[in-house]
Amino acid sequence: MEELHIIAGLGNPGIKYRNTRHNVGFDTIDMLSEKFDINVKQLKHKALIGDGYIEDKKVLLVKPQTYMNASGESIRDIVEWYKICMKWLILVYDDVDLPLGKIRVRRSGSAGTHNGMKSIIYQLQSDAFPRVRIGIGKPPEGMDIVGHVLGKFTKDERAVIDNSIVRAAEAVVTIIKSGVDEAMARFNG
């Protein structure tokens with residue numbers, strides 16, 4: 001069977017959540033979709049999906065439509081349907097534990113404080129898949145985490161995060177083309 005990479009960006013569906021901190025995973029999928037001309041419009045496995053090629057490798061771009069905290073339901077359905085091994089699943093998502101704009105590539109690991117990742121790890125019964133985390137920073141003093149992640153970026157933050165989304169997309173391409181170690185060496189500096 002041809003190697004298939006599943007690249008899933010996490011976020012919440014609907015206009016209400018567009019451009020929020022929690023949706024930088026969706027934003028990264030949108031960027032990959034545009035750059036590689038992959039239409040992510042088909043509704044299947046509780047997700048918007050689109051298939052195509054990145055660097056001559058077959059890929060499936062995925063935006064789960066289950067809302068963040070149930071992302072695992074969609075991801076599990078897709079992994080089971082396509083029968084892929086975990087190393088071909090790449091997750092892209094926001095991280096409050098990283099400073100704004102910082103990119104961190106990992107081979108595997110815990111969910112940390114991220115409920116979408118907790119759902120995915122629980123549903124897959126594994127954390128052995130690569131991920132690209134995009135730092136959105138901690139909430140300001142006196143703001144709860146939910147208000148922070150569901151909030152929109154300021155104009156200055158948006159400029160930083162737009163650059164980070166470009167770099168996150170490049171990190172995904174590097175993982176596909178050259179492997180996780182190369183992506184970690186290039187983007188975790």
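The values are calculated or read from the model by the stated rules, or taken from the named source; none is laboratory data. Fair warning: this is a prediction, and the values are worked out from it, not measured in the lab. All Cβ positions, even for glycine, are placed from backbone atoms using ideal geometry, and neighbour counts span all protein chains on display. Side chains included, ligands, DNA and RNA excluded: accessible areas come from the protein's heavy atoms. Shrake-Rupley method; radii C 1.70, N 1.55, O 1.52, S 1.80 Å.
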Exercise. So Gly112 clears everything in (1) in contact with a Gly (Cβ under 7 Å, 6 or more places away or on another chain); (2) without any contact (Cβ under 8 Å) to a residue 40 or more places away in the chain except one condition, right? Which one?
Worked result: (1)
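Are any of the residues in segment 153-163 assigned to a helix (DSSP H, G or I), closer than 22 Å to Ile54 by Cα and either basic (Lys, Arg) or open to solvent by 50 Å² or more (accessible area, probe 1.4 Å) (or both)?
Going through segment 153-163, the residues assigned to a helix (DSSP H, G or I) turn out to be 155-163.
Then drop every residue that is not closer than 22 Å to Ile54 by Cα, which leaves 162-163.
Keeping just the survivors that are either basic (Lys, Arg) or open to solvent by 50 Å² or more (accessible area, probe 1.4 Å) (or both) gives 162-163.
Among the residues of segment 153-163, at least one is assigned to a helix (DSSP H, G or I), closer than 22 Å to Ile54 by Cα and either basic (Lys, Arg) or open to solvent by 50 Å² or more (accessible area, probe 1.4 Å) (or both), which makes the answer yes.
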Exercise. Among the numbered criteria (1) on the phi > 0 side of the Ramachandran plot; (2) among the charged types (D, E, K, R); (3) crowded, with 21+ Cβ neighbours inside 10 Å, which single criterion is violated by Lys63?
Worked result: (1)
Seminar exercise, completed: For segment 20-51 the number of residues that are over 25 Å from Gln125 (Cα atoms) and open to solvent by 10 Å² or more (accessible area, probe 1.4 Å) is 14
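Among the candidates Ile54, Ile7, Ile15, Ile84, which residue alone is β-branched (Val, Ile, Thr) and open to solvent by 30 Å² or more (accessible area, probe 1.4 Å)?
Working: Ile54 fails: open to solvent by 30 Å² or more (accessible area, probe 1.4 Å); Ile7 fails: open to solvent by 30 Å² or more (accessible area, probe 1.4 Å); Ile84 fails: open to solvent by 30 Å² or more (accessible area, probe 1.4 Å).
Selected residue: Ile15, the only one of Ile54, Ile7, Ile15, Ile84 that is β-branched (Val, Ile, Thr) and open to solvent by 30 Å² or more (accessible area, probe 1.4 Å).
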For this session: Please work out which residue is farthest from the chain's Cα centre (by Cα), limiting yourself to segment 95-142 and to residues that are among the hydroxyl-bearing types (Ser, Thr, Tyr), under 25 Å from Cys85 (Cβ atoms) and open to solvent by 40 Å² or more (accessible area, probe 1.4 Å).
Result: Tyr122
Seminar exercise, completed: Leu100 passes all but one of the listed conditions (1) part of a loop (DSSP other than H, G, I, E, B); (2) modelled with pLDDT of 95 or more; (3) out of contact with any helix residue (DSSP H, G or I) (no Cβ under 7 Å at 6 or more places or on another chain); the exception is number (3)
